[in-house]
Amino acid sequence: MPVRDGNGKAAFGRSGEALACRHLEQSGHAIAARNWRCRLGEIDIVAFDGKTVVFVEVRTRRSPGRFGTPAESVDARKKARLRRLAQAWLMANGPDGETPVRFDVFDIRRTDGGQTQIRHIRDAF
């Protein structure tokens with residue numbers, strides 16, 4: 001169940017990010033940053049999969065949703081913003097220019113009955 005703290009939507013999103021971090025760590029990723037911010041916006045999770053830097057967007061929704069899957073909400077505009085944010089993170093955190101990068105999306109759905117479905121989409125774009 002998501003944590004309730006007066007800002008239910010934000011807490012609901014954070015609970016999805018925590019699930020995504022656990023999933024990544026269990027699959028051998030090292031978490032480098034959560035909610036990394038700069039003037040361009042925020043990256044939910046930055047992780048390393050071996051030498052590959054993985055930029056992760058987490059989308060958490062209640063299911064069934066009226067507006068498609070959580071992953072479908074990562075549109076062309078959001079992808080472009082994430083690419084710019086990734087460049088900013090790489091410039092600020094210094095892996096060399098040869099470092100491979102990947103963009104993943106977590107599609108997390110929670111039902112009213114308390115069920116949670118997690119789909120990790122590697123190389124989403």
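The values are calculated or read from the model by the stated rules, or taken from the named source; none is laboratory data. Keep in mind it's a predicted model, so treat the numbers as computed, not measured. Using ideal geometry, Cβ is built from the backbone for each residue, glycine included, and neighbour counts are taken over all protein chains shown.
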The stretch 30-60, subset at pLDDT below 95 and either within 20 Å of GLN115 (Cβ to Cβ) or among the aliphatic types (A, V, I, L, M) (or both), residue farthest from the chain's Cα centre (by Cα) | THR60
Report yes if some residue within the stretch 21-29 is surrounded by fewer than 18 Cβ atoms within 10 Å (Cβ to Cβ), at pLDDT 95 or above, among the acidic types (Asp, Glu) and assigned to a helix (DSSP H, G or I); otherwise report no.
-> yes
Considering each residue of the stretch 81-117, count those that are under 15 Å from the mean Cα position of the chain (by Cα), hydrophobic (A, V, I, L, M, F, W, C) and surrounded by fewer than 16 Cβ atoms within 10 Å (Cβ to Cβ), and give that number.
-> 1
Selection within the stretch 43-65 - basic (Lys, Arg) and either assigned to a loop (DSSP other than H, G, I, E, B) or crowded, with 18+ Cβ neighbours inside 10 Å (or both) = LYS51, ARG59, ARG61
Taking the stretch 66-87 and the residues there that are polar (S, T, N, Q) and assigned to a helix (DSSP H, G or I), the one that is farthest from ARG102 (Cα to Cα) would be SER73
Could you list, in sequence order, the residues of the stretch 30-41 that are surrounded by 13 or more Cβ atoms within 10 Å (Cβ to Cβ), not basic (Lys, Arg) and not in a loop (DSSP other than H, G, I, E, B)?
-> ILE31, ALA32, ALA33, TRP36, CYS38, GLY41
Which of the residues belonging to the stretch 84-122 are among the charged types (D, E, K, R), at pLDDT 90 or above and farther than 13 Å from VAL53 by Cβ?
-> ARG84, ASP107, ARG119, ARG122
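Within the stretch 104-123, work out how many residues are among the β-branched types (Val, Ile, Thr) and either closer than 15 Å to LYS79 by Cα or touching a Cys at 6+ places or on another chain (Cβ under 6 Å) (or both). Step through it out loud before you land on a result.
Just the residues of the stretch 104-123 that are among the β-branched types (Val, Ile, Thr), to begin with: 105, 108, 111, 116, 118, 121.
Now restrict to residues that are either closer than 15 Å to LYS79 by Cα or touching a Cys at 6+ places or on another chain (Cβ under 6 Å) (or both): 105, 121.
Qualifying residue count, the stretch 104-123: 2.
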When the stretch 88-125 is examined, which residues are found to be within 20 Å of LEU40 (Cα to Cα) and either part of a strand (DSSP E or B) or in contact with a Pro (Cβ under 9 Å, 6 or more places away or on another chain) (or both)?
-> VAL101, ARG102, PHE103, ASP104, VAL105
